[in-house]
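One structure is given below, encoded as structure tokens.
The values are calculated or read from the model by the stated rules, or taken from the named source; none is laboratory data. All of these numbers come straight from a predicted model, not from anything done at the bench. Here the Cβ positions follow ideal geometry from the backbone for every residue, glycine too, while neighbour counts run over all protein chains shown.
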Amino acid sequence: MTEPVLQIQDVTKRFGRLVANDRISLTLHAGQVLALLGENGAGKSTLVSILFGHYSADEGRIVVFGKPLPGGQPRAALRAGIGMVHQHFTLADNLSVLDNIMLGTEPLWQPFSRRAPARRHLLEVAQRFGLSVDPDARVGSLSVGQKQRVEILKALYRGARILILDEPTAVLTPAESQALFTTLRQMVERGLSIIFISHKLGEVLRVSDQIAVLRAGKLVAQAAASQTHEAELARWMVGQDVEPPKRRQSTARAGLVCRLVDVSTDERSRECLRSVSLQLHAGEIVAIAGVSGNGQLALAELLCGMRAARHGQVLLMEQAMPASSAHWLAQGVARIPEDRHALGLVGDLTVWENAVSENLRSPAFSRGMWIRGKAARAHAQAIVEAFDVRGAGLHAPARALSGGNMQKLILGRALLRPSGGPAPVPRLIVAHQPTWGLDIGAVAYVQSRLLDARDAGAAVILISDDLDEVLTLGDRVAVMQGGRMTPARPVEQWSRESIGLAMTGQQPAHAV
């Protein structure tokens, strides 16, 4: 074994009474991939933030290449050779690859930019690590996989010898994920060390050498990837066996609930739909696959009344629907939005206020201009109990919840109808990335509740980047690419490879 390049020694970090990291010790060697696993709130983000200088540890120390790392200094982390690639890219689409990589690397008082040496250095780094790149390409014209390559090059250009990758395959196609794994192996063979953070246990086992598992701020397990398996990793993460939802057939597809007929939306928007047609029936899940940014947001907003159709028809129970969220909600449509922080909840409102926020016009919770607080809080308590929302009381602000518990609250608001309401389940559930960023236990919980809602008679449209989720939950599957949608075919007619081809705009001659 080579000398350690990174040593985390008894690191502890507290936020008030919360111990986010509790005496964690880890070692990373040159040419090694160390996977970091844990539930939401387990302490992974805090530990990585300490490594990258965003936080200072309260106790313990970090040694990089034999030298202590000063706490709370991102510049010190960069100088020590630590680089980080975030899940959400931080690139300027209107600038070239070279401009993006050079940003922040030159002093402000320098009279002119040294582009020629920077270009040579970039091409040298790209060749050394097998990352082909066009320095003059505009970033906005690149694919998602190419943008991620630019993000990795940004870190390597600055001299990173330890690279932290946060959910690196979250927005990649299967082919792009495979290309990334090949690239990582080449980088490791050239001496780079990698900390790999992911919720996808299969890819963790595939790409990593060592795996460390955090739970409730503590390091609970370490193992070589070759000596463990998915079920054991899941048990370490959650503290008990986790039974993921198994594919089960819909009992029976019932009547037509929603219909899109040749729908197009405004092409000047960030995302748009182009001549999309789709039918959604009660008692089925239609899963929409695709790389983020290909029209999925426009589809979700259209089916929640947040976006208008420029052409075509949008029909719910054969009635034309306006671009009005209140109207869609009143007609029994429930939504699970993509961004639980910005769209799903209002962080400064209490848990109970968020729990009833989309049903305030229901007679169960309001009388004229007055909110029936007792009834609203009783319903919120029913959601908390039925959907196992933990971590904060009814009167605590929603931002106090972990990501997984936020999602459970949103799910409960969508699925648990007010007593005396028009129907036991929503007519239509628009679930946009419902398990994005959740740990394996929360993923299994959310998926099982969506299946239960389908079996109870709801029509569900599931928009997801996760092919495992699409193939496990979908009764029919369609793929979006460039604002267009393939026909929604039975899931048995698709394979991972055919979905991957459709995601890149290459329609296979046969689905499987």
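Quick notes on this structure:
- Filtered by the rule that a residue be part of a loop (DSSP other than H, G, I, E, B) and touching a strand residue (DSSP E or B) at 6+ places or on another chain (Cβ under 9 Å), segment 347-377 gives G347, D348, L349, L360, F365, R372.
- When residues of segment 394-425 are limited to those that are at pLDDT 85 or above and assigned to a loop (DSSP other than H, G, I, E, B), the one farthest from K44 (Cα to Cα): L416
- Put simply, of V276, V291, V263 the only residue that is modelled with pLDDT of 80 or more, more than 23 Å from W328 (Cβ to Cβ) and outside the structural domain of G38 (by TED's automatic domain parsing) is V291.
- Being out of contact with any strand residue (DSSP E or B) (no Cβ under 7 Å at 6 or more places or on another chain), over 23 Å from V346 (Cβ atoms) and in a loop (DSSP other than H, G, I, E, B) holds for only one residue in D452, D465, and it is D465.
- Residue tally, condition touching an Asp or Glu at 6+ places or on another chain (Cβ under 6 Å) and either over 19 Å from M503 (Cβ atoms) or not in a loop (DSSP other than H, G, I, E, B) (or both), over segment 252-296: 4
Residues checked against (1) charged (D, E, K, R); (2) at pLDDT below 90; (3) in contact with a strand residue (DSSP E or B) (Cβ under 9 Å, 6 or more places away or on another chain):
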{"site": "M237", "(1), (2), (3)": "no, yes, yes"}
{"site": "K246", "(1), (2), (3)": "yes, yes, no"}
{"site": "V286", "(1), (2), (3)": "no, no, yes"}
{"site": "C304", "(1), (2), (3)": "no, no, yes"}
{"site": "R335", "(1), (2), (3)": "yes, no, yes"}
{"site": "A342", "(1), (2), (3)": "no, yes, no"}
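- When V204, V188 are screened for being touching a Gly at 6+ places or on another chain (Cβ under 8 Å), hydrophobic (A, V, I, L, M, F, W, C) and not in a loop (DSSP other than H, G, I, E, B), only V188 passes.
- Scan of segment 174-225 for residues that are of a type in the set (F, W, Y) and surrounded by 18 or more Cβ atoms within 10 Å (Cβ to Cβ), ordered by number: F196
- Selection from segment 152-171 of residues that are in contact with a helix residue (DSSP H, G or I) (Cβ under 9 Å, 6 or more places away or on another chain) and either among the charged types (D, E, K, R) or assigned to a loop (DSSP other than H, G, I, E, B) (or both): K154, R158, G159, A160, R161, D166, P168, T169, V171
- Condition check for N40: among the polar types (S, T, N, Q) and at pLDDT 90 or above: no
- When I288, I336 are screened for being of a type in the set (A, V, I, L, M, F, W, C), over 23 Å from L409 (Cα atoms) and surrounded by 22 or more Cβ atoms within 10 Å (Cβ to Cβ), only I288 passes.
- Per this entry, G41 is counted among residues that are outside any helix (DSSP H, G or I), on the phi > 0 side of the Ramachandran plot and under 27 Å from the mean Cα position of the chain (by Cα).
- Among the criteria (1) crowded, with 18+ Cβ neighbours inside 10 Å; (2) free of Cβ contacts under 8 Å to residues at least 24 places away in the same chain, the one R372 does not fulfil is (1).
- Considering only residues in segment 226-258 that are touching a residue at least 60 places away in the same chain (Cβ under 8 Å) and of a type in the set (D, E, K, R), the one that is surrounded by the most Cβ atoms within 10 Å (Cβ to Cβ) turns out to be R253.
- Counting the residues of segment 445-483 that are in contact (Cβ under 8 Å) with a residue 40 or more places away in the chain, of a type in the set (V, I, T), surrounded by 21 or more Cβ atoms within 10 Å (Cβ to Cβ) and farther than 19 Å from N294 by Cα gives 1.
- Output for segment 115-139, where each listed residue is touching a helix residue (DSSP H, G or I) at 6+ places or on another chain (Cβ under 9 Å) and outside any loop (DSSP other than H, G, I, E, B): R115, A118, R119, H121, L122, V125, A126, R128, R138, V139
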